[in-house]
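The values are calculated or read from the model by the stated rules, or taken from the named source; none is laboratory data. The shown structure was predicted, so the numbers you read here are calculated from the model rather than taken from an experiment. Note: ideal-geometry Cβ built from the backbone for every residue, glycine included; neighbour counts use all protein chains shown. Surface areas here come from the heavy atoms of the whole protein model, side chains and all, with no ligands, DNA or RNA. Shrake-Rupley method; radii C 1.70, N 1.55, O 1.52, S 1.80 Å.
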Amino acid sequence: MNREHWENNPLDRSYPFKLFFNASGETKPGQCVLFLHWHEHFEFIVMRRGRAVFHIGSQVCEAEPGTLLVVQAGDLHTGFSRGSEQVEYVSIVFNGALFSDWAKEEDYDTLLSPFWMEELPCLPIRADAEKKRGA
């Protein structure tokens with residue numbers, strides 16, 4: 001992998017993840033809200049405010065509040081505002097080993113292995129979908 005856009009993000013074994021709270025001020029459409037980079041860990045991006053488009057690996061993902069994006073370890077990713085409002089999201093960067101004990105669980109293959117096997121490098125999920133369905 002090219003080191004040009006590599007972000008060094010060491011994770012301690014006793015604390016195998018990091019949280020990043022990202023917020024822009026008012027933006028212009030197309031303004032960069034996540035610089036182009038990659039790292040050796042997985043990442044969840046949870047949109048909290050505004051609208052953005054993220055380029056993750058070879059996919060383009062639209063995001064709005066309540067959207068969850070999954071970034072594979074090693075995927076080049078970046079993001080741009082879709083409007084003039086503030087963009088706010090949380091990034092959770094973690095080592096895949098964090099879930100190694102889950103491999104023994106019955107539903108592991110169904111729920112998590114597609115992410116680790118790169119079948120779903122970017123999967124927008126509406127976190128509030130259950131609320132909208134009346135659950």
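Taking every residue in the stretch 19-40 that is under 11 Å from TYR89 (Cα atoms) and pairing it with any residue that is of a type in the set (S, T, N, Q) and not in a strand (DSSP E or B), at least 6 positions away or on another chain, the pairs with Cβ-Cβ distances below 6 Å are SER24/GLN86; VAL33/SER24. Screening LEU68 on (1) under 26 Å from GLU4 (Cα atoms); (2) without any contact (Cβ under 8 Å) to a residue 60 or more places away in the chain; (3) not in a loop (DSSP other than H, G, I, E, B) shows it passes everything except condition (1). Which ones in the stretch 55-95 are open to solvent by 20 Å² or more (accessible area, probe 1.4 Å) and in contact with a helix residue (DSSP H, G or I) (Cβ under 9 Å, 6 or more places away or on another chain)? Hit for the stretch 55-95 is ALA73, nothing else.
Quick test for you: out of ALA52, ALA103, ALA135, ALA129, pick the one residue that is closer than 23 Å to PHE17 by Cα and either at pLDDT 60 or above or open to solvent by 20 Å² or more (accessible area, probe 1.4 Å) (or both). First the steps, then the outcome.
Working: ALA52 fails: closer than 23 Å to PHE17 by Cα; ALA135 fails: closer than 23 Å to PHE17 by Cα; ALA129 fails: closer than 23 Å to PHE17 by Cα.
Answer to the check: ALA103.
Can you spot a residue in the stretch 3-21 that is small (Gly, Ala, Ser) and modelled with pLDDT of 90 or more? Scanning the stretch 3-21 turns up no residue that is small (Gly, Ala, Ser) and modelled with pLDDT of 90 or more.
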